[in-house]
Amino acid sequence: MIKILIDLLSFLRTTVPLLFCVAVFALLFVWLAKSIKRYYYIYYTLFAIPFLMVVVPSLLRMIGVETSFNFTRIPVLGELLRDYIHMASLGHPLLIIIMYMGALDVKNPYVKRLMSIRKEISILSGFPILTHSWIRVLNNFPKALKYFTDHSAFMENPRVTSELGAGITNTVLVLGIVMLVLFLILWISSFDVVHKRLGGIRWKKIQRWSYVLYALLFIHAMGLQVGRMVSSTTDITVKQWISVSSLLLIYGSYLILRVRKARKKGEKRRISTIA
């Protein structure tokens with residue numbers, strides 16, 4: 001029975017990784033809500049350690065300190081770090097959970113538990129997202145920028161198989177810089193010391209930009225998938241179609257739920273005004 005369960009979880013993680021990670025982390029947060037609320041500093045530290053393990057060696061190399069040591073080469077730890085860096089494994093699922101909290105009914109006991117630690121989850125999400133962004137900015141952004149600054153030279157690369165595919169991919173990679181700036185503003189404002197200085201009204205105005213971030217996140221994730229599919233020299237795989245379908249399902253469902261909640265809220269306001 002245990003083996004069947006493990007095999008099933010492994011199958012789901014391989015087949016629908018984003019949906020699987022969202023479900024797993026949502027369940028974990030519901031289960032650990034009280035612990036996270038009480039011992040938030042421990043969770044912040046645990047999430048910050050992998051960030052430092054990736055960024056510090058990279059910074060040392062940038063300032064000329066030669067080091068051949070790399071945590072990602074260590075068995076098991078390396079695999080965990082790669083999952084931590086990979087946006088679809090941690091950063092993206094956490095943002096989706098935060099996003100859905102604003103669209104679901106807070107009267108639901110499970111949603112209520114998640115809402116009680118929304119700030120903590122927002123802060124936790126920053127560490128893997130900033131780690132992913134660090135790698136992207138260093139390795140992918142300069143190449144993506146070359147597509148626009150030296151298009152002819154970029155297209156001469158034999159690895160580029162489709163101008164349209166390359167255009168889509170590099171556009172959303174450059175768009176990632178806008179997302180990073182927006183995320184940093186929202187993330188920093190999640191900390192209590194910043195929240196208090198901003199005041200309630202200014203803080204709420206800033207937080208409304210999260211909707212723009214969610215829209216850009218969808219465009220970015222979908223653009224990477226579509227760009228990869230267009231550039232593919234082989235038949236599009238079932239896994240690629242599942243990835244695209246997962247994004248459409250997640251963000252489409254969120255949009256429906258969010259609009260529905262906004263309408264209900266508007267109706268309640270009209271009724272209270274009439275009364």
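The values are calculated or read from the model by the stated rules, or taken from the named source; none is laboratory data. Worth saying up front: this structure is predicted, and the values here are computed from it rather than measured. Note: ideal-geometry Cβ built from the backbone for every residue, glycine included; neighbour counts use all protein chains shown.
Within segment 1-44, restricting attention to residues that are of a type in the set (Phe, Trp, Tyr), under 24 Å from Trp241 (Cα atoms) and out of contact with any Lys or Arg (no Cβ under 7 Å at 6 or more places or on another chain), which residue is modelled with the lowest pLDDT? Spell out the reasoning first.
Applying the first criterion (of a type in the set (Phe, Trp, Tyr)) to segment 1-44 yields 11, 20, 25, 29, 31, 39-41, 43-44.
Subsequent filtering for residues that are under 24 Å from Trp241 (Cα atoms) retains 11, 20, 25.
Then keep just the ones that are out of contact with any Lys or Arg (no Cβ under 7 Å at 6 or more places or on another chain); that gives 11, 25.
Working: Phe11: 83, Phe25: 97.
Of everything passing the filter in segment 1-44, Phe11 is modelled with the lowest pLDDT.
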Check: Under the condition of being in a helix (DSSP H, G or I) and touching a residue at least 24 places away in the same chain (Cβ under 8 Å), which residue from segment 52-88 is surrounded by the fewest Cβ atoms within 10 Å (Cβ to Cβ)?
Finding: Leu80
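I'd like to check which helices (runs of 4 or more DSSP H) are fully inside segment 180-237 and have at least 1 residues that are closer than 15 Å to Ile98 by Cβ and of a type in the set (Ser, Thr, Tyr).
Numbers: elements: 192-198, 200-207, 210-231.
Answer list for segment 180-237: 210-231.
From the residues in segment 108-142 that are assigned to a helix (DSSP H, G or I) and among the β-branched types (Val, Ile, Thr), which one is surrounded by the fewest Cβ atoms within 10 Å (Cβ to Cβ)?
Within segment 108-142, the subset assigned to a helix (DSSP H, G or I) is 109-115, 118-139, 141-142.
From what's left, among the β-branched types (Val, Ile, Thr): 111, 121, 123, 129, 131, 135, 137.
Numbers: Val111: 17, Ile121: 22, Ile123: 20, Ile129: 22, Thr131: 26, Ile135: 16, Val137: 14.
It comes out as Val137.
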Check: Which one of these is at pLDDT 90 or above and closer than 24 Å to Leu18 by Cβ: Val111, Val137?
Finding: Val111
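It is to be established whether one or more residues within segment 65-84 are more than 21 Å from Leu255 (Cα to Cα), modelled with pLDDT of 95 or more and among the polar types (S, T, N, Q).
We begin by selecting, within segment 65-84, every residue more than 21 Å from Leu255 (Cα to Cα); these are 65-84.
Subsequent filtering for residues that are modelled with pLDDT of 95 or more retains none.
There is no residue in segment 65-84 that is more than 21 Å from Leu255 (Cα to Cα), modelled with pLDDT of 95 or more and among the polar types (S, T, N, Q).
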Margin query: Among (1) free of Cβ contacts under 8 Å to residues at least 60 places away in the same chain; (2) assigned to a helix (DSSP H, G or I), there is one condition Ile242 misses while meeting the rest; what is its number?
Written below: (1)
Next item on the list: Name the single residue, out of those in segment 6-34 being of a type in the set (Phe, Trp, Tyr) and exposed (fewer than 14 other Cβ atoms within 10 Å of the Cβ), that is farthest from Lys112 (Cα to Cα).
Entry: Phe11
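Answer yes if at least one residue in segment 139-147 is within 30 Å of Arg258 (Cβ to Cβ), aromatic (Phe, Trp, Tyr) and more than 15 Å from the chain's Cα centre (by Cα), and no otherwise. Walk me through it before giving the result.
Residues of segment 139-147 that are within 30 Å of Arg258 (Cβ to Cβ), as a first pass: none.
Looking through segment 139-147, none of the residues is within 30 Å of Arg258 (Cβ to Cβ), aromatic (Phe, Trp, Tyr) and more than 15 Å from the chain's Cα centre (by Cα).
Residues are listed down the side, and each one gets a yes or a no for (1) hydrophobic (A, V, I, L, M, F, W, C); (2) closer than 20 Å to Phe218 by Cα:
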| site | (1), (2) |
| --- | --- |
| Arg61 | no, no |
| Val65 | yes, no |
| Arg82 | no, no |
| Ile85 | yes, yes |
| Pro109 | no, no |
Notebook entry, point to check: Would you call Ala103 surrounded by 15 or more Cβ atoms within 10 Å (Cβ to Cβ), under 18 Å from the mean Cα position of the chain (by Cα) and in a helix (DSSP H, G or I)?
Noted result: no
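Per-residue answers, yes or no, for (1) in contact with a Ser or Thr (Cβ under 6 Å, 6 or more places away or on another chain); (2) farther than 30 Å from Tyr40 by Cβ; (3) surrounded by fewer than 17 Cβ atoms within 10 Å (Cβ to Cβ):
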position	(1), (2), (3)
Ile177	no, no, yes
His195	no, no, no
Trp209	no, no, yes
Met222	no, yes, no
Thr234	no, yes, yes
Ser253	no, no, yes
Next item on the list: Scan (1) in a helix (DSSP H, G or I); (2) closer than 27 Å to Val55 by Cβ for the single condition Gly165 breaks and write down its number.
Entry: (2)
Notebook entry, point to check: Has segment 158-175 got at least one residue that is free of Cβ contacts under 8 Å to residues at least 40 places away in the same chain, surrounded by 11 or more Cβ atoms within 10 Å (Cβ to Cβ) and acidic (Asp, Glu)?
Noted result: yes
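In segment 57-79, what count of residues is obtained for those that are under 22 Å from the mean Cα position of the chain (by Cα) and under 22 Å from Val137 (Cβ atoms)? Spell out the reasoning first.
Start the filter on segment 57-79 by keeping residues that are under 22 Å from the mean Cα position of the chain (by Cα), which leaves 58, 72, 77-79.
Narrowing further to those that are under 22 Å from Val137 (Cβ atoms): 58, 72, 78.
Count: 3.
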